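Q: One structure, as structure tokens, below. Some questions next.
The values are calculated or read from the model by the stated rules, or taken from the named source; none is laboratory data. These figures come from a predicted structure and were not determined experimentally. Backbone-built Cβ (ideal geometry, glycine too); neighbour counts: all protein chains shown.
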Amino acid sequence: MKKRWLIYTIIGVAFGVLDEYYQEFVQGMITSVPMWFILAWGIWLIPIIPIVLHEAKVSKSRIKAALANVLTWSSAVISYYVFIAIKLIFIGQSSMNFIYSSNYKDEFYFSNLKSFFYNSILSGITEWIGIAIVGGFITGFSISFIYLRIRRTPRKFKREIVL
């Protein structure tokens, strides 16, 4: 495994953890669907644009660049939900809306925790991992396609575009 693929995974994991805090931060700022789309989903382009451009430049492959995006987004999705579970278990809080106000001394604590894990964490991962795979491949392929197409454009044509 090339070192850069490990770096893509680490960036995805770090982004997933940071996105948990970011989503909490922007929840009060969202007033419309277009704003929600830009603030909640637009942020996912920030880590992948440099990754896809770098992978396209190094490998000269649209497929590898798309797979780099899939890896980054998938690791971000998994780390996002795992971090939510860790926050709930160790800190006792979570940004996800649920009514489990019990603590470990409560007789229903472990059944509530199990229910939260299956119904929120695992279902969230399975729901969003598909979007990360399909959307990540399409997005990564598109960005790398545009980048590689621009790089192959003859210099004379590039000057005419700028002028």
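Conditions tested, residue by residue: (1) of a type in the set (Val, Ile, Thr); (2) in contact (Cβ under 8 Å) with a residue 12 or more places away in the chain.
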{"residue": "Arg4", "(1), (2)": "no, yes"}
{"residue": "Thr9", "(1), (2)": "yes, yes"}
{"residue": "Gly12", "(1), (2)": "no, yes"}
{"residue": "Val33", "(1), (2)": "yes, no"}
{"residue": "Phe37", "(1), (2)": "no, no"}
{"residue": "Pro50", "(1), (2)": "no, no"}
{"residue": "Glu55", "(1), (2)": "no, yes"}
{"residue": "Ser59", "(1), (2)": "no, no"}
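Q: When you scan the stretch 1-96 for helices (runs of 4 or more DSSP H) that lie fully inside it, which ones turn up with 3 or more residues that are exposed (fewer than 14 other Cβ atoms within 10 Å of the Cβ) and not β-branched (Val, Ile, Thr)?
A: Working: elements: 3-26, 33-36, 45-59, 62-86.
So the answer is 3-26, 45-59.
Q: Condition first: out of contact with any Ser or Thr (no Cβ under 9 Å at 6 or more places or on another chain) and either within 16 Å of Ile49 (Cα to Cα) or not in a helix (DSSP H, G or I) (or both). Now tell me which residues in the stretch 128-146 satisfy that.
A: Within the stretch 128-146, Gly135, Phe137, Ile138, Thr139, Phe141, Ser142, Ile143, Phe145, Ile146 meet the criteria.
Residue by residue, here is whether (1) at pLDDT 90 or above; (2) not aromatic (Phe, Trp, Tyr) holds:
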| position | (1), (2) |
| --- | --- |
| Thr9 | yes, yes |
| Tyr22 | yes, no |
| Gly42 | no, yes |
| Val52 | yes, yes |
